[in-house]
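Only the coordinates and a few stated rules stand behind these numbers; no lab work does. Note that the coordinates shown come from a computational prediction; the quantities given were computed from them, not determined experimentally. Here the Cβ positions follow ideal geometry from the backbone for every residue, glycine too, while neighbour counts run over all protein chains shown.
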Amino acid sequence: KQEVTQIPAALSVPEGENLVLNCSFTDSAIYNLQWFRQDPGKGLTSLLLIQSSQREQTSGRLNASLDKSSGRSTLYIAASQPGDSATYLCAVASWGNEKLTFGTGTRLTIIP
Amino acid sequence: EAGVAQSPRYKIIEKRQSVAFWCNPISGHATLYWYQQILGQGPKLLIQFQNNGVVDDSQLPKDRFSAERLKGVDSTLKIQPAKLEDSAVYLCASSLELGRSTDTQYFGPGTRLTVL
């Protein structure tokens, strides 16, 4: 059974700093790995999707890496802004039905 | 492009009552998912449809939860009877189809259920 862990559970950093969010998973036989953002009272928004054969993906100030052998992914956010404040969720898709298993998230607060 | 629509947005019921949630996926999306998100946790998949067939319902509490997807478009999720531990946000998501590793899931705003 796939298990996904995100550490830390909460993080506060001053505006402008670069930061890294961590995700680990127990079963390396994954279909893809996705990072989502969740704002209070709202649904999830997809940020980045890394296919099983890829090592990283980039979108603007965001960069996500994937190391299947160690069961880890990181989300790097450059030059953080107050608008980046949200909960960030990592999810791993399984082969076959592509079922997503989510971590519990990291609640990020950017201090102006 | 319209997103995933869900209704109602909020629902408060007494335990042992029944409740139903509705979801309209993005047009053309064959795959539909219902997730349960308890406060402080990540979403947990309850049921997954491909068109109007069930792909995975292994984590659906079938003694009280049911779901259907009529004509492979809209879907309803029902709880009967509700328990206190069913208090959560119920999220609906859709994606184009299975077998496309580049496809992400698009989520609706969710229905927040409170069971008293």
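Computed over the alpha-carbon atoms, the protein assembly as shown gives an Rg to Rh ratio of 0.97, Rh here being the Kirkwood radius from the mean inverse distance.
Can you flag which of B:K44/B:K78; A:K68/B:K71; A:K42/B:K15; A:K42/B:K44; A:K68/B:K83; B:K15/B:K71 are past 28 Å Cα-Cα? Correct reply: A:K68/B:K71; A:K68/B:K83; B:K15/B:K71.
For chain A, the Cβ-based charge dipole about the Cα centre amounts to some 180 debye (Lys, Arg positive; Asp, Glu negative; other atoms uncharged).
Based on Cα contacts under 8 Å between residues 6+ apart, chain B shows a relative contact order of 37 percent. Inter-part distance, the range B:73-116 to the range B:1-67, computed on C-alpha centroids, equals 3 Å.
Sparsely packed loop sites in the range B:33-116 (the GluC sites (Glu not before Pro) outside DSSP H, G, I, E and B with at most 16 other Cβ atoms within 10 Å) comprise B:E97.
Basic side chains Lys and Arg get +1 at the Cβ, acidic Asp and Glu get -1 at the Cβ, and with that the dipole of the range B:49-92 about its Cα centre reaches some 120 debye. Taking 0.36 nm per residue of separation and subtracting the Cα-Cα distance, full extension of the segment from B:L70 to B:E97 would add 8.0 nm.
Building the convex hull from the alpha-carbon atoms of the range A:1-48 and averaging its projection over directions returns 4.8 nm². The charge dipole of the protein assembly as shown, taken about its Cα centre with unit charges on the Cβ atoms of Lys, Arg (+1), Asp and Glu (-1) only, comes to about 500 debye. Using a Gaussian network model of chain B with C-alpha springs under 10 Å, which one of B:T102, B:T76, B:T31 is most mobile by mean-square fluctuation? Checking each option, the largest mean-square fluctuation is seen for B:T102.
Toward the positive end of the charge dipole of chain A, with +1 on the Cβ of Lys and Arg and -1 on the Cβ of Asp and Glu, the farthest Cα among A:S69, A:Y88, A:L19 is that of A:S69. Remark: chain A is approximated by an ellipsoid whose semi-axes, taken from the C-alpha gyration tensor as √(5λ), come to 24, 14, 12 Å, largest first. Using the Stokes-Einstein relation with a Kirkwood hydrodynamic radius computed over Cα pairs, the translational diffusion coefficient of chain B at 4 °C and a viscosity of 1.567 mPa s comes to 92 µm²/s. The antiparallel fraction among DSSP beta bridges confined to the protein assembly as shown stands at about 90%. Remark: relative contact order (chain A) = 37 percent; criterion is Cα-Cα distance under 8 angstrom and separation of 6 or more residues. Separation of the range A:43-92 from the range A:2-38 is 7 Å, based on Cα centroids. Near A:K99, which aspartates and glutamates are there with a Cα under 15 Å away, not counting those fewer than 8 places off in the same chain? Within the straight-line cut-off, A:K99 pairs with A:E3, A:D27, B:D56, B:D57, B:E97, B:D103.
Taking other residues whose beta carbon is less than 9 angstrom from the beta carbon of A:I110, and scoring Lys, Arg as +1 and Asp, Glu as -1, yields -3.
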